[in-house]
Structure formats: C-alpha cells, structure tokens
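What follows is calculated from the coordinates using simple rules that are stated; it is not laboratory data. Here the structure is a predicted model, which means the values were calculated and not measured. We place every Cβ from the backbone using ideal geometry, glycine too, and count neighbours over all the protein chains shown.
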C-alpha cells in the first residue's frame, strides 16, 4: 500500500467513525440532537474533516442513514427475494415487506430520522438509493404479475407507506402498527387481483 492508499484508508476510517457517531446520536437522542460540533467532539476530529466529506448537516445525516440502512434495513433482501415454488403473491409480497420494515421496528428512532431526512433538500437521494436495492427483489416477486396491477400496487403501497410513516413520526400510531396495516392492504389487493384472474380464466 503506497502513501496515497494509506491516506485514503485513513480518510475512510475517519468518515466511518463520524457516521457511526451520527447514528448513535440519532438512535439515542433524536434528529435535532445531531449538531456538527458535537459530532466532531465525540468523533475526536475537526469540523474541517467533517466538511471534507459532507457539505452540511443534512448531507451528513443522509450519509449516516444510508450507511445504517445498507447494514440493517436492506441486509435481509437477498434472503427475502427467493421463496418456495407455488408461493402466493400475498405471501411473497409480505416476506419482502417484512424484510424491509422489521429492522425499523427494532430501531424506531431511525425510522423517525428517515422520515425527517426525506424532507431535506437532498432527501430524494435516500429514495433513489433504496429503490436501486429493493427493485431487483421486487421485480423477482412480481415477475409473473400483470404490469397494470404492478403499477396500481406501486401507487397504493407507496402512498400507504408514506402515510403510515408520517403518522408514526407525529405519534398517531405505534411503529408495530405499520406492518399489520400493510399486511391487510396487500392481502386485499392481491386477493382482488387473483380473483379477477380466476374470473377471466373461468369466463
């Protein structure tokens, strides 16, 4: 390893430590507690080092959330995408959704932080990055499903998820209410889709 490689490795380790501190603060104290000077103090680094990697506080929080989601929320997707032969669409969809949402149930403060970060100027970065990870697993589950239904399912579920996250973030529902609500939604949507398919075949 030459001098440049060593500097790069040192820089990556410093940034990893900074992001770990941000995650710790988000989980223990909440979104508003993430202040750059406090992060620098806990990470035993300088503000200049933080700004070297992240343009501002919002971008720092986004990077920390992305790192956490890569390590936690999306880690179960490879296992969730492959189900047994003959599995119903409802069961396959819920297996995927549970892999996505059960980590939030274990880390509720991170869900609140995610919801708030989505509203920041670059919050769509989280959505695009997450979509690139989730999409292959979703396409595998929906491989034999009509495109029209896939579009309808996306419209309903995306609105449902965002609404449920918002209700949780303001304290209207518990975090454990999210998956049951999605379960019922997916059940009735897929039941209607499958009933329509049976009707067409019998007709």
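Based on the mean of other Cβ atoms within 10 Å per residue, sort peptides 13-22, 109-118, 51-60 so the most packed one is first.
Final packing ranking: 109-118, 13-22, 51-60.
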How would 46, 120 line up from fewest to most surrounding beta-carbon atoms within 10 angstrom?
46, 120
Please order 98, 128 by the number of other Cβ within 10 Å, starting at the fewest.
128, 98
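Listing 159, 88 from the residue with the fewest other Cβ atoms within 10 Å to the one with the most, what is the order?
Placing the least packed residue first, the sequence is 159, 88.
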Taking R0 as 25 Å, what's the FRET efficiency between residue 47 and residue 119 from their Cβ-Cβ distance, rounded to 0.05?
0.50
Could you please tell me the mean projected area of the C-alpha convex hull for the stretch 3-57, averaged over all directions and given in square nanometres to one decimal?
3.6 nm²
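Would you kindly state how much longer the chain becomes between residue 156 and residue 20 on full extension, computed as 0.36 nm times their sequence separation minus their alpha carbon distance, in nm to one decimal?
Fully extending the segment from residue 156 to residue 20 adds 45.5 nm.
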Virtual spin-label span in nm between residue 70 and residue 184, 7 Å along Cα→Cβ:
3.8 nm
